Structures are given as C-alpha cells and as structure tokens.
Amino acid sequence: MSWLARWSLRVALAALGCWMVLWLVGQLWVVVMPVLLGLLLTTVLWPPARWLMSKGLNSALAATIVLVVGLALLVGVIAAISSSIASGVPEIAESAQDALTQLQGWAAGPPLNLRDTDLDRLVAQGVDQVRSSIGSIASGLLTGAGAVTSGVVTGLVALLLAFFFVKDGMRFTPWLRGLIGERAGGHVTTVLERIWVTLGSFIRSQAIVSLIDAVFIGLGLVILGVPLAVPLAALTFLGGFIPIVGAFVAGALAVLVALVSNGLTTAVIMLVIVIVVQQVEGNVLQPILQSRSLRLHAAVVLLVVTAGTSLYGIAGAFFSVPVAAAVAVVLRYLGEVIEARSATVTSQVDGDEAVETERVGGHDDMV
C-alpha cells in the first residue's frame, strides 16, 4: 500500500505538470503557433540554404534567396492552377447548364411531376429562407473573415521566423550550450539536434503521403474523363498538408466538378475513389510511413492524431505527430543516459570487487 501511495502521488504530480504545460501552451498559442510553423518551414528551407552557404554566400543572403524562391514557386503553382481552372470554366459552365436542364426534366417527370410553377415556388421559398437567415450568415462571414485574417497574420509571422531560423539557426545551439553550461548543454543540444532530424522526417513523409493521394485521385479524374484533372490533383497535393479540411475540400471539389461536367454516375464513382484513397491514406499509409520515418508505431501515430484532433482541432491534427515524435526522442535519450550511467556504475562495482578480491587473496598468501 505504501508503494502504491508513493507511485500514485508521483503519477498525480506528473499529470498536474503535463496539464500546466498544456494550459500554458493554450494561453500562449498565438506565439506558439507561428513558432511551430516557422520550424516546419525551416526544415524545408534549410537544405538549399545550407548548400548556398557552402558555396560562399553569407547566411542572410542565403536565407533571403531560399525564402523568395520558395514563395515564388508557391505563387507560380497557385497561378498555374488558377489559369488552368479559368480556362476550363466555360466547359464546366456549359456542362452545368446541361445538367440543370436534365435535372429540371427529371423533376417534371414521375414520381415528382413538378411543373415549372412548382419549381419557381420552391426557388422562391429558398430565396426567402436565405433572406430570413441573412443576419446569421453575415455574422458567420465576419467570423470567417476574422479567422482568415488571423491565419494570414500567423503565416506572415511564421515566414519571418523561418527567415531568422535559417539565417541564425546554426548559432542557436552553441549559444544555448554556453548559457546553461557545458554538462547540461551537451544533453540539450543533442536532444534538439535529434528533434530537428525528426521534424525533417515528418515533412518528407507528409509530402510523400500528399503526393500519393494526389496521384491516385488525379488518375481517377483522368480515367473518368473529368476536366481540370491536373489542377485538381495539384490542389489535392497542397491540401494534404492541411489535415482534415484540406483533404475534404480537395475531394469535394473533385466530386463537384465530376458532377457538373460528367453527370451523377461519374460523380458517384469519383466520390467512391476519393473516400477509398483518403481512408487508405489516413488510416493505413500515413501511419505506416510516419511510424517508419519517426520511429513510432503506426497505432501510436493513429491514436495521437485522433487525440490531437479531438483536443485542438485542425492544428492538433497537424502538430500532434511531430510533437509526439519529439517527446519520443526525449524519452529515448533519457533511456540512453540511464543505461550509460548504469553501465558505468556496474563497471565501477565490478572493479571494486576485483580489487577487494585481489587484496584479500594477497593477505591470505602472506598468512
């Protein structure tokens, strides 16, 4: 009972400490979020920046070049997608008009037997319903606009932090080592370097998962003859980096374009393809790839994503896996330190026993 009481107190204190950390992170989320995004962006920008530095460029110029080139590539991809969509809009509009005409003809036949006046009445009722809900719609739009504005500010701060991380990141661990001391600094810098490698592995595995998702959904669009297959596949790849919402929006757009351009049967087939691909990607492929690259079991990855989503929504789904991998890195390092110290103590004890045996043996010979 005394053993159980001691460990119960320790577990309770550890749980309280974890709760305090999570509460503090929640209170400072406006600061923590840009820092985490900046670190993830830095894992992408650092390899080309390091290559430029090896060619003789200073850190500020290398960071500026990789950041500007990265933004230019992103803007170029978005512009290409937009132009492709704009060029395909007339075809989609014509298909949508034909689909609307077919829908009206189907509604006029059995079993609905709706006349034009009935359709006009239904449309008028829908317009009245929208007018009566204009207040709630406006408040929802204002809330969404505020969220978008906050997201834009967070993104800009994350870009600035990524620039400073790329520019001065190599000076951080020596500064930290000198600040907290050589003994503790050695442990902390080793853990931070391993966490850095883990973050890079997370980004690479996420990119692979998004690419596979985009390839299979794009192939489905091409095989079904749906227009705008390439831009929709590109949107699927970009949306793969935004958990839950990105995949849902990209899949919904693919199904909607298939519906208005190729009809209901093609849309249903496309919906099945999207659901199968996203389920396999989210529940099988992503946990396996991330478990291998992050050295976490697939079940752990799945449970961590589920817990992060339920606690913190989209941000929790995105950051739960790298945070869990960082915690695992710390625990593994602590285990290595404990094993090393245990081996040292064991060797010292064995050495002392050998000396004592030799001393007693020598005394017996003298006797």
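Using θ = phi - 60° and the Karplus relation 6.51 cos²θ - 1.76 cosθ + 1.60, list the HN-Hα couplings for region 264-274 in order, rounded to whole Hz, with x at every Gly or Pro.
So the Karplus estimates, Gly and Pro as x, are 5, 5, 5, 5, 5, 4, 5, 4, 5, 4, 4 Hz.
Would you mind calculating the relative contact order of region 233-323 from Cα pairs under 8 angstrom and at least 6 residues apart, reporting the percent as a whole number?
Over region 233-323, the number comes to 20 percent.
Of all alpha-carbon pairs in region 203-306, indicate the percentage at a distance above 17 angstrom.
49
By per-residue mean of other Cβ atoms within 10 Å, what is the highest-first order of 196-202, 229-235? Provide the component values of the computation, followed by the final result.
Working: 196-202: 18.0, 229-235: 21.9.
Per-residue Cβ counts within 10 Å, averaged per peptide and sorted highest first, yield 229-235, 196-202.
With a point put 7 Å past each Cα toward its Cβ, work out how far residue 54 is from residue 3 in nm, to one decimal.
5.5
Across the Cα atoms of region 1-80, what radius of gyration and what greatest pairwise Cα-Cα distance (Dmax) are found, in Å?
That works out to 22.3, 69 Å for Rg and Dmax.
Go through region 252-263 residue by residue and turn each phi into a ³J(HN,Hα) via Karplus (6.51, -1.76, 1.60, θ = phi - 60°); whole Hz please, and just put x for glycine and proline.
Once θ is set to phi - 60°, the couplings for region 252-263 become 5, 5, 4, 5, 5, 5, 4, 5, 7, 9, 10, x Hz.
Figure the gain on full extension for residue 13 and residue 25 (residue separation times 0.36 nm, minus the Cα-Cα span) and round it to one decimal in nm.
So the chain would gain 2.5 nm between residue 13 and residue 25.
Mind listing the phi-derived Karplus ³J(HN,Hα) values for region 337-345, rounded to whole Hz, using 6.51, -1.76 and 1.60 with θ = phi - 60°, and x for any glycine or proline?
Each residue's phi maps through the Karplus curve to give 5, 5, 5, 5, 5, 5, 5, 5, 5 Hz.
We did not get these values from a lab; they are worked out from the coordinates using the rules stated. This is a predicted model, so every value here is computed, not measured. For neighbour counting, all protein chains shown are included, and Cβ atoms are generated from backbone atoms with ideal geometry for every residue, glycine included.
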